[in-house]
Amino acid sequence: MPTPQGAGIVIVPVALLIAGGALAIDGSPFPGGVLYLAVVAVAALALSVINFINDARELPVLTRLASQTAAVTLAVLLMPVELRILPSLLPLAIERIALVVAVLWFVNLTNFMDGIDLISAVETVAITIGIAILAALGAIPPPYGYVAVALAGAMIGFGPWNAPPARLFLGDAGSIPVGFLLGGLLIHVAAESALAAAIILPLYYLADATITLGLRLLRGDRVWEAHRSHFYQQATRNGMSVTETVGRIAVLNAVLVALAVGAALHGPVWAATAGVIAAAAVGMTLRRFARPKQ
């Protein structure tokens, strides 16, 4: 019997409910205010519902892409104008367009990477724990930490159901809105003079998905069709078990979290050094995944 999917229809509302409660109890201001938070929450819920339907009976690609574009564009346009990442290099309008494209890609790569048991839970927990540590150390505002911890907790609760062999899959109902929420959080982290940290935290996902897409484009593949050419999929074909593959990703992510925290706390020289070390660590992991197991 096929393993059920669509767990995101539970995970996303739970994470949003806990995050909203924590923000309300703490009372700390969140950039953009209550309206912005409400719009992001409703957009995430809408993405979860639409993609839950897609998990049950496949919707047209254009319908799914249109819903993602609408949610991301609305969330980015409602961000406060003072929330900037590269104010000295890009006009506000150009930066906002670039952010819409970046978050759309992040949403989809999160979906693309959800291909083996537990990988999405491991990646999401690593990114959100990294954000929570930055908030606890005062590198970013505390409210970001509350949202991150709520999302981490929801995914940790999902973990036992998704551990190999999985009894339940996240489905598009989870991977799409989780990617949307993570992408928004990472933008806020980057805007707090922590751009290097915001890139380092999800670097494994960014590298695996982007390199794989680039290679498929060069080969002339139909990139919109399902495939098994991601590096983590190569690892399982090359003799690694799912547990071993995800375990290596978890260890890599622990290194990336440490590097991201250092990058945010110790200035531009350390940020550049951390970025180089992170890229090397990710490159070594991808190379190992692509080689047959000895």
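Coordinate-derived values only; no laboratory data. From a predicted model like this one, the values you see are computed outputs, not experimental measurements. We place every Cβ from the backbone using ideal geometry, glycine too, and count neighbours over all the protein chains shown.
Has segment 144-164 got at least one residue that is part of a loop (DSSP other than H, G, I, E, B) and crowded, with 24+ Cβ neighbours inside 10 Å?
No.
Among the numbered conditions (1) under 16 Å from GLU192 (Cα atoms); (2) surrounded by fewer than 20 Cβ atoms within 10 Å (Cβ to Cβ), the only one that ALA132 does not meet is (2). Among the conditions (1) crowded, with 20+ Cβ neighbours inside 10 Å; (2) without any contact (Cβ under 8 Å) to a residue 40 or more places away in the chain, ALA209 misses just one, which is (2).
Looking at segment 213-226 only, could you name the residues that are touching a helix residue (DSSP H, G or I) at 6+ places or on another chain (Cβ under 7 Å) and either surrounded by 15 or more Cβ atoms within 10 Å (Cβ to Cβ) or assigned to a helix (DSSP H, G or I) (or both)?
none
Residues that are under 16 Å from VAL34 (Cβ atoms) and either of a type in the set (A, V, I, L, M, F, W, C) or in contact with a Phe, Trp or Tyr (Cβ under 6 Å, 6 or more places away or on another chain) (or both) within segment 67-82 comprise LEU74, ALA75, LEU78, MET79, listed in sequence order. For segment 106-135, a tally of residues being touching a residue at least 60 places away in the same chain (Cβ under 8 Å) and part of a helix (DSSP H, G or I) returns 17.
Within segment 276-294, being buried (at least 17 other Cβ atoms within 10 Å of the Cβ), touching a residue at least 60 places away in the same chain (Cβ under 8 Å) and over 18 Å from the mean Cα position of the chain (by Cα) holds for THR285, LEU286. Does LEU118 fit the bill of being at positive phi and of a type in the set (A, V, I, L, M, F, W, C)? Yes: the conditions hold for LEU118.
This table checks each residue for (1) exposed (fewer than 15 other Cβ atoms within 10 Å of the Cβ); (2) touching a residue at least 12 places away in the same chain (Cβ under 8 Å); (3) more than 21 Å from TYR144 (Cβ to Cβ).
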| site | (1), (2), (3) |
| --- | --- |
| GLY20 | no, yes, no |
| LEU23 | no, yes, no |
| VAL40 | no, yes, no |
| ILE53 | no, no, yes |
| SER67 | no, yes, yes |
| THR73 | no, yes, yes |
| VAL81 | yes, no, no |
| ILE85 | no, yes, no |
| ARG96 | no, yes, no |
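As for segment 247-260, it holds at least one residue that is under 23 Å from ALA166 (Cβ atoms), without any contact (Cβ under 8 Å) to a residue 24 or more places away in the chain and surrounded by fewer than 17 Cβ atoms within 10 Å (Cβ to Cβ).
Please go through segment 227-246 and give me each residue that is of a type in the set (Gly, Ala, Ser) and either buried (at least 18 other Cβ atoms within 10 Å of the Cβ) or over 23 Å from ASP172 (Cα atoms) (or both), ordered by number.
Across segment 227-246, the qualifying residues are ALA235, GLY239, SER241.
Apart from one condition, THR236 fits all of (1) over 28 Å from VAL61 (Cβ atoms); (2) in contact (Cβ under 8 Å) with a residue 24 or more places away in the chain; (3) among the β-branched types (Val, Ile, Thr); the exception is (1).
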